[in-house]
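> My questions will all concern the structure given below.
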Amino acid sequence: MRRTSQTVLHVQNAVDKGKRRNFTWPLVVSALGFVGLWGLLEPYHLATGRYTVTLPRLPSRWKGKRVALISDLHVGMWFANTATVKRAVQQIVEECPEVVLIAGDFIHGESEGVLEQVATLLSPLTEAGLACYAVLGNHDYDMPEENSEKSNALAGRLERRLESIGIRVLHNEVVKLSSDPDPFYLVGLGAHTPDKDGPTKTIAKVPKEAARLVLVHHPNSFASLLPHSAPLAFAGHTHGGQVCLPGAPIWRFFGKRHEDEVLTSGWIKHYGAEGNNLYVTRGIGFSVAPVRLNCPPELTFFTLT
């Protein structure tokens with residue numbers, strides 16, 4: 001009798017475990033399905049960041065003025081996020097900041113018509129009379145491992161098309177945003193990949209005591225700037241990780257983690273030389289796969305004080 005009771009008990013325990021397994025797997029599959037679905041939908045939920053920043057020696061007429069920042073459009077990528085690009089452009093036009101900065105990676109590959117598509121998406125900015133400045137990123141050179149005639153030609157064609165709609169592209173250049181009574185400069189560095197940036201030589205063109213903003217694509221360009229030469233700098237490139245698992249270290253989608261690279265977004269602490277401050281935007285588009293998870297596309301406004 002006792003053996004029979006034990007046998008029945010073992011059978012019942014096995015049945016209970018089977019029920020739990022049968023109940024758990026649908027939950028796991030449903031959860032993974034929801035996460036996957038959200039990863040496909042999140043790219044179309046544009047987040048707007050707003051910050052008030054203190055800039056040393058800022059000219060009085062610029063106090064309270066705003067700067068808009070976008071990056072990493074990746075037009076030409078399969079399922080390119082052009083709908084969110086349009087939404088970001090429309091919002092910038094509506095809010096009418098003093099300056100619009102675009103931190104590179106306009107295109108993804110050299111598909112037919114991609115340059116015209118970029119021009120169509122961004123032309124409302126300059127048609128609204130907004131001052132727009134940009135730098136190029138690695139994808140604008142089609143991500144070459146080394147400089148090539150083909151990659152440079154592609155970047156040149158993109159630059160000319162952007163310039164034709166009124167967006168000024170800066171290659172290790174300095175422009176005056178204002179000159180009276182105090183000068184205010186914008187520094188734009190060339191692409192870190194493929195070895196087009198010249199941080200030290202370019203920043204030396206700015207008078208030492210003058211206020212300045214610095215625009216780069218790759219955060220590594222910022223790391224090379226001299227102390228106190230970039231009190232406010234902006235970058236893109238990282239996509240904020242693109243897929244960020246909640247509660248886990250930042251994970252760059254299909255990317256590799258390197259000690260000398262910034263793979264996150266927002267204000268990057270303890271990076272670069274003393275007195276320099278870097279903000280990295282999550283950007284708008286994506287690479288590798290048209291997915292974002294816990295890392296929505298970003299449009300950011302900075303109010304200067």
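> Take residue 112 and decide whether it is of a type in the set (Asp, Glu) and within 23 Å of residue 289 (Cβ to Cβ). Spell out how you get there, then give the answer.
On the way: of a type in the set (Asp, Glu): yes; within 23 Å of residue 289 (Cβ to Cβ): yes.
For residue 112, the condition - of a type in the set (Asp, Glu) and within 23 Å of residue 289 (Cβ to Cβ) - is met.
> Are any of the residues in region 198-206 within 19 Å of residue 233 (Cβ to Cβ), touching a residue at least 40 places away in the same chain (Cβ under 8 Å) and small (Gly, Ala, Ser)?
The first filter runs over region 198-206 and keeps only residues within 19 Å of residue 233 (Cβ to Cβ), leaving 198-206.
With the extra rule that they be touching a residue at least 40 places away in the same chain (Cβ under 8 Å), the set shrinks to none.
Within region 198-206, not a single residue is within 19 Å of residue 233 (Cβ to Cβ), touching a residue at least 40 places away in the same chain (Cβ under 8 Å) and small (Gly, Ala, Ser).
> (1) touching a Leu at 6+ places or on another chain (Cβ under 6 Å); (2) modelled with pLDDT of 60 or more; (3) not in a loop (DSSP other than H, G, I, E, B): which one isn't true of residue 52, the others all being true?
If we test residue 52 against (1) touching a Leu at 6+ places or on another chain (Cβ under 6 Å); (2) modelled with pLDDT of 60 or more; (3) not in a loop (DSSP other than H, G, I, E, B), just (1) comes out false.
> Checking the structure you have, find out if any residue of region 131-144 is surrounded by 20 or more Cβ atoms within 10 Å (Cβ to Cβ), touching a helix residue (DSSP H, G or I) at 6+ places or on another chain (Cβ under 7 Å) and closer than 22 Å to residue 231 by Cβ.
yes
> Picking from 212, 161, 168, which residue would you name as being charged (D, E, K, R) and touching a residue at least 40 places away in the same chain (Cβ under 8 Å)?
Details: 212 fails: touching a residue at least 40 places away in the same chain (Cβ under 8 Å); 168 fails: touching a residue at least 40 places away in the same chain (Cβ under 8 Å).
Unique residue meeting the criteria: 161.
> From (1) surrounded by fewer than 21 Cβ atoms within 10 Å (Cβ to Cβ); (2) farther than 17 Å from residue 70 by Cα, pick out the condition that doesn't hold for residue 120.
The number of the failed condition is (2).
> Does region 1-16 contain any residue that is at pLDDT below 95, outside the structural domain of residue 216 (by TED's automatic domain parsing) and assigned to a loop (DSSP other than H, G, I, E, B)?
The initial filter retains those residues of region 1-16 that are at pLDDT below 95, namely 1-16.
Remaining after also requiring outside the structural domain of residue 216 (by TED's automatic domain parsing): 1-16.
When the remaining residues are screened for being assigned to a loop (DSSP other than H, G, I, E, B), the result is 1.
Taking every residue of region 1-16 in turn, at least one turns out to be at pLDDT below 95, outside the structural domain of residue 216 (by TED's automatic domain parsing) and assigned to a loop (DSSP other than H, G, I, E, B).
> Shifting gears a bit: Answer with yes or no whether residue 112 is touching a residue at least 24 places away in the same chain (Cβ under 8 Å), surrounded by fewer than 21 Cβ atoms within 10 Å (Cβ to Cβ) and assigned by TED's automatic domain parsing to the domain that holds residue 61. Working first, answer last.
Numbers: touching a residue at least 24 places away in the same chain (Cβ under 8 Å): no; surrounded by fewer than 21 Cβ atoms within 10 Å (Cβ to Cβ): yes; assigned by TED's automatic domain parsing to the domain that holds residue 61: yes.
Criteria not met by residue 112.
> Filter region 85-109 down to the residues that are out of contact with any strand residue (DSSP E or B) (no Cβ under 9 Å at 6 or more places or on another chain) and not hydrophobic (A, V, I, L, M, F, W, C), then identify the one that is surrounded by the fewest Cβ atoms within 10 Å (Cβ to Cβ).
Initially, region 85-109 is screened for residues out of contact with any strand residue (DSSP E or B) (no Cβ under 9 Å at 6 or more places or on another chain), giving 86, 90, 93-94, 105.
Next, only the ones that are not hydrophobic (A, V, I, L, M, F, W, C) stay: 86, 90, 94, 105.
Details: 86: 15, 90: 12, 94: 8, 105: 30.
Here the answer is 94.
The values are calculated or read from the model by the stated rules, or taken from the named source; none is laboratory data. Quantities reported herein were computed from a predicted structural model and do not represent experimental measurements. Because the Cβ atoms are built from the backbone with ideal geometry, glycine has one as well, and the counts that use them run over all protein chains shown.
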